[in-house]
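Report on one structure; see the data block that follows.
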Amino acid sequence: MSSNPLDDIRLEAQERRRFLARVAGVVAGSSLLSGLPWMAPLRAQPVGDAPSDRVRIGVIGTGSRGSLLLQYLLRTPGVEVAALCDDYPPHLNDAMAAACGKPKAFSDYRKLLAMPGIDGVVIATPLHQHAPICLAAFAADKHVFCEKSLALTVDECKAIARAASASPRVFQVGHQRLFSATFLHAHELVRSGHIGPITQIRASWHRNNDWRRPVPDPRLERKLNWRLYRASSGGLLTELASHHLQVANWYLDAAPLSCVGYGSVNHWKDGRDVYDNVNVLFRYRDGVTLVYDSLTSNRHHGLEIQIMGPRGTIEGESGRFYTEEPPPAPAVAALVAQIEQGKAETVPIGAPSWKPEAKSGEVGQQLRHDLGGDDGTVLSMAAFANAIRLGQQMPHMIEHAYRSGIAALMGQAAMDEGREIAWPGSYK
């Protein structure tokens, strides 16, 4: 590493340019784009450093996720981070330092949107701020990347989706699995029938921590720990489950019809009012279900999504594919063999032919690894920049954002109200 942070950023940007050039070649030669149109902007080769090639981006929200996206943007060819905005000075100061002080700093997103020359914005604020900022950005004729989940209420989700549909600008949501090599490979296996028709999906996200951030002043509790309070967060459903809901909706090409669920605060009794463990069952067409659970008091099972059909199982997070080829019961196999050999004998086919169906010990096949260790976030940032430069919208992106955002809110409502919650309909 150099003693000059700018030199380090330039070096990493050169490596990123080579990586994106390889990706462009792969995407340009792929036959899968008809089913993955949001990948199309990645066909463009990385641009140079000329000012005319640059897309000027403002980042609104520079906390944990926003600062990570900032690091990726600083290293994305053809992107100039022109402005940063956060109403919490320590976050803004840290982000300005990471960007070597080059962007213009704001504490009010409306002033950033009014800044001349800003092409688009990346919104990584607490959930309750997504809707007002997205709507203001579209009204200001900006391209918009909004982190998941889409919004805090159903009405806000509909308002954003309608504004995005009516705008000629690019809209993208922060569901990086849409750009993950592993999940793209898994989707290819599903489309080609390798697991048969999907019959059930199971997903979980287990942690063992209190989800809290250090608070230097008690008056900042709800500002910094916004994920723990209903006024600003949908808790585990919007912050974690929305990722796997997006995958389920994508692979099934459908939104859930309804859901039921239970949730509670049974471990972290520290004043939070979002649940620390949730269990929700989503019903899709053709009798398919998604079984989802998440908790913050045990991490043994970690996170995983299992897509299951009569021919196989895909585990997306661990990146493995397992085939379903159950061998015949031993006694039946022996009887068949004896008949074929013309020497059938008395063979027990009752209790000895059955055994408890323990978990399969199959190792499975490794799916494609995420490119360069990228979980899809690097490619999603590059795709956003390329789409802006090309003036090329991302088909289906609004649907992905709307379906996953609404499904997360349905799950929350089912737990809160203790009843089945139906899909609230289209935003159109």
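Just give me the residues in the range 265-274 being open to solvent by less than 40 Å² (accessible area, probe 1.4 Å) and in contact with a strand residue (DSSP E or B) (Cβ under 9 Å, 6 or more places away or on another chain), in sequence order.
Here is the first cut: in the range 265-274, the ones open to solvent by less than 40 Å² (accessible area, probe 1.4 Å) are 272, 274.
Across the range 265-274, the qualifying residue is only 274.
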Q) Do we find a residue being among the small types (Gly, Ala, Ser), modelled with pLDDT under 95, farther than 20 Å from residue 235 by Cα and surrounded by 11 or more Cβ atoms within 10 Å (Cβ to Cβ) anywhere in the range 337-352? A) yes
Q.
Please determine whether any residue of the range 85-103 is acidic (Asp, Glu), touching a helix residue (DSSP H, G or I) at 6+ places or on another chain (Cβ under 7 Å) and surrounded by 22 or more Cβ atoms within 10 Å (Cβ to Cβ).
A. yes
Q | Filtered residue count, the range 138-158, keeping only those that are more than 18 Å from residue 381 (Cα to Cα) and over 21 Å from the mean Cα position of the chain (by Cα) | A | 5
(Q) Residues that are under 26 Å from residue 86 (Cα atoms) and touching a Gly at 6+ places or on another chain (Cβ under 6 Å): does the range 231-243 have at least one? (A) yes
Q: Could you list all residues from the range 184-226 that are closer than 18 Å to residue 149 by Cβ and crowded, with 20+ Cβ neighbours inside 10 Å?
A: 203, 204, 205, 225
Q: List the number of the failed condition for residue 149; all other conditions in (1) open to solvent by 30 Å² or more (accessible area, probe 1.4 Å); (2) out of contact with any Pro (no Cβ under 9 Å at 6 or more places or on another chain); (3) of a type outside the set (Asp, Glu) hold.
A: (1)
Q) Could you give every pair whose Cβ atoms fall below 6 Å, whose first residue belongs to the range 228-239 and is under 22 Å from residue 290 (Cβ atoms) and part of a loop (DSSP other than H, G, I, E, B), and whose second residue is open to solvent by less than 10 Å² (accessible area, probe 1.4 Å) and among the aromatic types (Phe, Trp, Tyr), counting only separations of at least 6 or pairs across chains? A) none
Q) Only one of (1) over 16 Å from residue 195 (Cβ atoms); (2) in contact (Cβ under 8 Å) with a residue 60 or more places away in the chain; (3) open to solvent by less than 50 Å² (accessible area, probe 1.4 Å) fails for residue 303. Which number is that? A) (3)
Q | Filtered residues of the range 284-294 (kept if among the hydrophobic types (A, V, I, L, M, F, W, C) and open to solvent by 40 Å² or more (accessible area, probe 1.4 Å)) | A | 291
Q) Is it true that some residue in the range 15-28 is part of a loop (DSSP other than H, G, I, E, B), out of contact with any Leu (no Cβ under 7 Å at 6 or more places or on another chain) and either modelled with pLDDT of 75 or more or more than 24 Å from residue 400 (Cβ to Cβ) (or both)? A) no
Q. Out of curiosity, is residue 84 under 23 Å from the mean Cα position of the chain (by Cα), among the hydrophobic types (A, V, I, L, M, F, W, C), farther than 16 Å from residue 144 by Cβ and at pLDDT 95 or above?
A. no
Q) So which strands (runs of 3 or more DSSP E) are wholly in the range 105-218 and hold at least 2 residues that are over 30 Å from residue 322 (Cβ atoms)? A) 120-123, 143-147, 171-174
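The values are calculated or read from the model by the stated rules, or taken from the named source; none is laboratory data. What you are looking at is a predicted structure, and each value in this text was computed from that prediction instead of being measured. Cβ sites come from the backbone with ideal geometry, for glycine too, and all protein chains shown count toward neighbours. Heads up: the accessible areas ignore ligands, DNA and RNA and are worked out on the full protein's heavy atoms, side chains in. Shrake-Rupley method; radii C 1.70, N 1.55, O 1.52, S 1.80 Å.
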